[in-house]
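Remarks on the structure that follows.
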Amino acid sequence: MFTRPFGYALLACLALLCVGRQARADTDAEKLAVATTMFDAWHDRDWDQVIDLFAADGVLHSMMLEPIVGQDMLRARIAKLGAGISRITLEIVNLGVINGLVYAERVDDFVYQGHHGRVPVVGVLRIENGKVQEWREYYDHAMLLREMGVAPALQTAPDSATATE
């Protein structure tokens, strides 16, 4: 049996170990695992898991639009978008960690309201304590809207031979 002072000291050491463990930085492998879980949740259209993988004050920022901040706002935006998606796959081209951030070069292949689309994207995720703190997305917004079928397709210019005839 431990004496009381020794028992208290042991509990204090264990508490410090637990606090230190929570405060430690995620490893690159852990960050990649969170990112991969996020991509799989999109594929499964598991919107609850997508939201749960964000921190309470997490940010999703398509760089040409205003950022979406916090789980409540994320849930509202993703519910609206998700209602139109019958299939989505985030095809990972390259995935890695640079300076603590996860970089994902990918092609999003989806069916939105019956329209099949493919859009190249680069996502940059800041992951801390197993949660996405910030997810920045870089893509051609006009192309995404065209591929979703919510914007008109670009008209191609006639080639010079046809134009002169």
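When region 51-79 is examined, which residues are found to be under 19 Å from Ala142 (Cα atoms) and among the charged types (D, E, K, R)?
Within region 51-79, Glu66, Arg77 meet the criteria.
Could you look through region 72-95, keep only residues that are out of contact with any strand residue (DSSP E or B) (no Cβ under 6 Å at 6 or more places or on another chain) and of a type outside the set (A, V, I, L, M, F, W, C), and pick out the one that is nearest to Val122 (Cα to Cα)?
If we take residues in region 72-95 being out of contact with any strand residue (DSSP E or B) (no Cβ under 6 Å at 6 or more places or on another chain) and of a type outside the set (A, V, I, L, M, F, W, C), then Gly82 is nearest to Val122 (Cα to Cα).
Inside region 107-152, can you point out the residues that are within 19 Å of Ile68 (Cβ to Cβ) and at pLDDT below 95?
Within region 107-152, just Val150 meets the criteria.
Of Ala35, Ala76, Ala104, which residue is among the aliphatic types (A, V, I, L, M) and either in a strand (DSSP E or B) or at pLDDT below 95 (or both)?
Numbers: Ala35 fails: either in a strand (DSSP E or B) or at pLDDT below 95 (or both); Ala76 fails: either in a strand (DSSP E or B) or at pLDDT below 95 (or both).
None of the others qualify; the one that does is Ala104.
For region 124-140: of the residues being more than 18 Å from Asp52 (Cα to Cα) and in contact (Cβ under 8 Å) with a residue 60 or more places away in the chain, which is nearest to the chain's Cα centre (by Cα)?
Glu137
The rows are residues; the columns are (1) among the basic types (Lys, Arg); (2) buried (at least 17 other Cβ atoms within 10 Å of the Cβ); (3) within 27 Å of Asp26 (Cβ to Cβ).
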| position | (1), (2), (3) |
| --- | --- |
| His43 | no, no, yes |
| Gly58 | no, yes, yes |
| Leu65 | no, no, no |
| Ile85 | no, no, no |
| Ile98 | no, no, yes |
| Val119 | no, yes, no |
| Ile127 | no, yes, yes |
| Leu144 | no, yes, no |
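The values are calculated or read from the model by the stated rules, or taken from the named source; none is laboratory data. Fair warning: this is a prediction, and the values are worked out from it, not measured in the lab. Using ideal geometry, Cβ is built from the backbone for each residue, glycine included, and neighbour counts are taken over all protein chains shown.
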